[in-house]
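Reviewing the structure listed below.
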Amino acid sequence: MAQLYFYYSSMNAGKSTTLLQSAFNYKERGMNPVIYTAAIDSRFGAGKVSSRIGIESDACLFSDTTDLFQEISSLNEEQRCHCILIDECQFLTKQQVYQVTEVVDKLKIPVLCYGLRTDFQGELFEGSRYLLAWADKLIELKTICHCGKKAIMVVRLDENGRPISDGDQVAIGGNERYVSLCRRHFKELLNM
């Protein structure tokens, strides 16, 4: 039975690695997984999902105007899709999360979404909010703070490495721009 999965974490927990491993498992069994990633995140090249450990795969792109149900329906008519894997799913809109529920419910294709739960201010992303509400399965991927506790928060750094608490919700970056922390150290660093 097809289900909608939301794999979430803070940064550096291996979300993309886990996605790529899942895609490999499907391919190894002669199945056709379809990978999507956000067009807004081109750090590793447009249409690429890359892991920090060095593995990557081509991917279809989605933007906030992509009709995922329509696109996946068309792909499935051309060649059966056995699984849809979506990286950077925090950038999905509410409507797109609804569309992937339709992929699961109407097309009977499992959808595995991987992304951040919260932004650098501790607020939910739109895609994450609706995945938390509508997904069949919620799976937390874990990483650790510098103190050894589970990291559940992300701090954004300015160009001098100092934490910042204001700005647009979306600013693409990696280890040079973000640090995963436990809640205690997140609050201490931002003087909360």
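Just a few scattered comments:
- Exceeding the 22 Å Cα-Cα cut-off - candidates Lys142/Lys187; Lys15/Lys106; Lys94/Lys149: Lys15/Lys106; Lys94/Lys149
- For the stretch 21-113: span of alpha carbons on each principal axis (Å, largest first): 36, 32, 19
- Among beta bridges that DSSP assigns inside the chain, antiparallel share in %, nearest 5: 35 percent
- Helix-derived mean residue ellipticity, 222 nm - over the chain, DSSP H n ≥ 4, -39500 (n - 2.57), to 500: -8500 deg cm²/dmol
- Pairwise Cα separations in the stretch 58-103 fall into 5 Å bins from 0 onward with the following percentages, short to long: 5, 21, 35, 27, 11, 2.
- Gln95-Ile164 pseudo-label distance in nm [points 7 Å out on the Cα-to-Cβ vector]: 3.0 nm
- Pairwise Cα inverse-distance average, inverted: Kirkwood Rh of the stretch 114-156 (Å): 11.5 Å
- Volume per residue of the C-alpha convex hull in the chain, rounded to whole Å³: 120 Å³
Taken together, the values in this text are just the output of simple stated rules run on the coordinates, not laboratory data. Only a predicted model underlies this, so the values are computations on that prediction, with no experimental measurement involved. Every residue, glycine as well, gets a Cβ built from its backbone with ideal geometry; the counts of neighbours run over all protein chains shown.
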